[in-house]
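Data block below; observations after.
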Amino acid sequence: MNKLLFFIFFVLITINCKAQECNFSTSDSVNLYINVKGKGSPCLYIHGGPGSGSYWMEKFAGDILEKHFKMIYIDLRGVGRSTSPSNGNYSMNRMIQDFEEIRKFLGFESWIIMGHSFSGTMVTAYAKEHPESIKGMMMFNCSLNLTESISKSWIPKACEILDLKDVSFYQNDTINIQDKLNRIFPLLKEKDLTWKLAYANKENETIMNNTFDEIPNWNYDFGGIGMSHKDYLINFKTYTPDIKMPVLFFYGENDWTIGPKHYKGVLFPNMLLWKSKVGHIPFMENKPDLESAIKAYCKKYGF
């Protein structure tokens, strides 16, 4: 009886659920926001940003995703509706531990994992460390090498958009990438041209930005450090030949944020490679092709 009472008490303090929404407390006492919706094979969405949260994906693409999968939307530690770790632990190992704790709590033996943009780093690392927990991966406009995406696509395209005559500063490999971004990003903002790196038009950028205002008290902690944290700056492409589960690798031919040629060097042995006429946000700007890719993936691999 004492063991049963302890278990009930543990559950009550570990998770506070209302309908499909939950606040889950990790083993290091971070409260993570979770929302479970849809039907089908369980699929964990690991958002990008690094501080974008899961809300916009649910809002703009939930109608497609939830037809095919039981979606598990989460806000990472230090993002959105989740709290921040008191010790500042945003390491890759701790993120992966969060995913495993959530999987076990929800009672899934294994699941599909889905990533977008920055989270290509986490999706790949998680698959490498816990292949037994993952039966498939869907990667949409993902970077597996942030340094490459920024230096080979983002910065050169930004220079082109700004019509800069002297780009020697940005082509100098001895200058830190962050210093380059700190100089060029304000120029894009000043001319209101940032949208051209990711969107088909300015209106879609505005719609996306407005979604963050719909959530009160948004947590930006991880968003402020994720792009400079050493754990996320390695070349994760080197892991791909050894990751055996089926992968959908979807990329945009006009995605200058990641790079339209970033798929080169991504060598998952069991991969459906899908090129789309879209920029960085297919969930808003080319949903028919997005769903076609998902259907093809599910048919090919039996999900």
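The values are calculated or read from the model by the stated rules, or taken from the named source; none is laboratory data. Given the structure is predicted, the values throughout are model-derived calculations rather than measurements. Here the Cβ positions follow ideal geometry from the backbone for every residue, glycine too, while neighbour counts run over all protein chains shown.
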Quiz item: Residue check: is Asp173 exposed (fewer than 13 other Cβ atoms within 10 Å of the Cβ), outside any helix (DSSP H, G or I), not assigned by TED's automatic domain parsing to the domain that holds Leu273 and not hydrophobic (A, V, I, L, M, F, W, C)?
Solution: yes
Quiz item: With Glu214, Glu132 as the choices, which residue is loosely packed, with under 15 Cβ neighbours inside 10 Å, in contact (Cβ under 8 Å) with a residue 40 or more places away in the chain and charged (D, E, K, R)?
Solution: Glu214
Quiz item: From the list Asp213, Asp192, which residue is among the acidic types (Asp, Glu) and in a helix (DSSP H, G or I)?
Solution: Asp213
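Search segment 51-80 for residues being among the charged types (D, E, K, R) and more than 19 Å from Ser25 (Cβ to Cβ), and hand back the single one that is surrounded by the fewest Cβ atoms within 10 Å (Cβ to Cβ).
Within segment 51-80, the match that is surrounded by the fewest Cβ atoms within 10 Å (Cβ to Cβ) is Asp63.
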Quiz item: Which pairs do you get when a residue that is in the same structural domain as Asp255 (by TED's automatic domain parsing), found in segment 281-299, comes within reach of a residue that is part of a helix (DSSP H, G or I) and hydrophobic (A, V, I, L, M, F, W, C), reach meaning Cβ atoms under 6 angstrom, with the pair 6+ apart or on two chains?
Solution: Pro282/Leu290; Phe283/Phe60; Phe283/Ala61; Met284/Phe60; Glu291/Ile64
Quiz item: Residues of segment 265-281 being within 21 Å of Met245 (Cβ to Cβ) and either outside any loop (DSSP other than H, G, I, E, B) or more than 18 Å from the chain's Cα centre (by Cα) (or both), which ones?
Solution: Gly265, Leu267, Phe268, Pro269, Asn270, Met271, Leu272, Leu273, Trp274
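Condition check ((1) surrounded by 13 or more Cβ atoms within 10 Å (Cβ to Cβ); (2) under 17 Å from Phe118 (Cβ atoms); (3) out of contact with any strand residue (DSSP E or B) (no Cβ under 7 Å at 6 or more places or on another chain); (4) of a type outside the set (A, V, I, L, M)) across all residues:
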| residue | (1), (2), (3), (4) |
| --- | --- |
| Gly224 | no, yes, yes, yes |
| Asp231 | yes, yes, yes, yes |
| Glu253 | no, no, no, yes |
| Asp289 | yes, no, no, yes |
| Tyr297 | yes, no, no, yes |
Quiz item: Which number in (1) in contact with a helix residue (DSSP H, G or I) (Cβ under 7 Å, 6 or more places away or on another chain); (2) farther than 17 Å from Met122 by Cα marks the one condition that Lys70 misses?
Solution: (1)
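Residue-wise test of (1) without any contact (Cβ under 8 Å) to a residue 60 or more places away in the chain; (2) part of a loop (DSSP other than H, G, I, E, B); (3) over 19 Å from Gly223 (Cβ atoms).
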| residue | (1), (2), (3) |
| --- | --- |
| Leu44 | no, no, yes |
| Met57 | no, no, no |
| Lys67 | yes, no, yes |
| Ser84 | no, yes, no |
| Phe108 | no, yes, yes |
| Ile112 | no, no, yes |
